1. So, in the stretch 190-203, of the ones that are among the charged types (D, E, K, R) and exposed (fewer than 11 other Cβ atoms within 10 Å of the Cβ), which residue ends up farthest from the ligand (Cβ to nearest atom)?
2. Restricted to the stretch 25-36, and to residues that are closer than 17 Å to Gly137 by Cα and part of a helix (DSSP H, G or I), which residue is nearest to the ligand (Cβ to nearest atom)?
3. Filter the stretch 1-23 for residues that are at positive phi and either buried (at least 23 other Cβ atoms within 10 Å of the Cβ) or touching a Lys or Arg at 6+ places or on another chain (Cβ under 6 Å) (or both); which is modelled with the highest pLDDT?
4. Among the numbered criteria (1) within 10 Å of the ligand (Cβ to nearest atom); (2) touching a strand residue (DSSP E or B) at 6+ places or on another chain (Cβ under 6 Å), which one does Val103 miss?
5. Taking the stretch 3-24 as the search range and keeping residues that are more than 13 Å from the ligand (Cβ to nearest atom), touching a strand residue (DSSP E or B) at 6+ places or on another chain (Cβ under 7 Å) and not in a helix (DSSP H, G or I), which one is farthest from Lys127 (Cα to Cα)?
6. Only helices (runs of 4 or more DSSP H) wholly contained in the stretch 56-109 count here; list those with 2 or more residues that are not charged (D, E, K, R).
7. Can you pull out every residue in the stretch 92-107 that is farther than 14 Å from Thr34 by Cα and among the aliphatic types (A, V, I, L, M)?
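The values are calculated or read from the model by the stated rules, or taken from the named source; none is laboratory data. Because the structure is predicted, anything quoted here is derived from the model rather than measured. Neighbour counts run over all protein chains shown; Cβ positions are idealised from the backbone, glycine included.
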Amino acid sequence: MGKINIAIDGYSSTGKSTIAKQLAKALGYIYVDTGAMYRAVTLYAMRHGLIGETEEELKRLVTHLPKINLQFVHNADLGFSEMYLNGENVEKEIRALPVSKQVSKVATLEAVRKKLVAMQQEMGKRKGVVMDGRDIGTDVFPDAEFKIFMTASPETRAFRRYKELLEKGEKVTYDEVLVNVRYRDAIDSNRKFSPLKKAENAIEFDNSDMGLEEQLDRIYNYALRKIEETNA
Ligand code: DC
């Protein structure tokens, strides 16, 4: 059976990566977390003093792009890939709040987006990829056979993120996380290059009141139908 590409876009903390990972596993597809790529570039910028307040300051990062090497390395114990920045496993650091606070700014830069989108398109060339992000169904794979757009209320999303961060031992407050969720929504939706928006032919999925099992069941069945249609 020929494989398809699956694009999962939506607001931050809507559980895109959870469903993308589950779906990839169920279908035997490769999961690609594009947020991890923007986060790793942001970590590089933070470490090199390249996070500025103005767009002009931030643009200094563009001259560093050729020096930034990103790699997904499969971790067999975990069952998914981890992000390596210039040979270093940065998986933990890129998920922490300091990076979350800066990443949307970095993701507004056209040169950063161009570099990462080209890498993502290369990964999807042979199909069989489940990719999550903000612009996958609109820019990276406009021809993806199956597109999902995930939403949930900002409060639901902030609470999920807050619990996740506490479990990881981070010292954060719910209010701080909610402010970050709203801030990222605003920047992601209003930026000039590839703003977050639902692709015309994407299925919208609000999971505010849905359990993980029901969500996987419904999305998996949709995916099977799309695979059948594509192979018909
Ligand atoms: O999915 P995430 O929260 O790990 O993404 C981190 C940030 O990266 C998010 O604020 C928006 C940006 N991003 C993007 O602009 N385009 C993508 N394809 C993925 C993430």
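1. If we take residues in the stretch 190-203 being among the charged types (D, E, K, R) and exposed (fewer than 11 other Cβ atoms within 10 Å of the Cβ), then Glu200 is farthest from the ligand (Cβ to nearest atom).
2. Selected residue: Gly35.
3. Ranking the qualifying residues of the stretch 1-23, first place goes to Gly10.
4. Exception for Val103: condition (2).
5. Checked the stretch 3-24; the qualifying residue farthest from Lys127 (Cα to Cα) is Ile6.
6. The qualifying helices (runs of 4 or more DSSP H) are 60-64, 97-106.
7. Within the stretch 92-107, Ala96, Leu97, Val99 meet the criteria.
Residue-wise test of (1) surrounded by fewer than 24 Cβ atoms within 10 Å (Cβ to Cβ); (2) under 14 Å from the mean Cα position of the chain (by Cα); (3) at pLDDT below 95; (4) of a type in the set (Val, Ile, Thr).
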| residue | (1), (2), (3), (4) |
| --- | --- |
| Gly137 | no, yes, no, no |
| Val140 | no, yes, no, yes |
| Asp143 | yes, no, no, no |
| Ser153 | yes, no, yes, no |
| Glu164 | yes, no, yes, no |
| Val172 | yes, no, yes, yes |
| Asp175 | yes, no, no, no |
| Arg184 | yes, yes, yes, no |
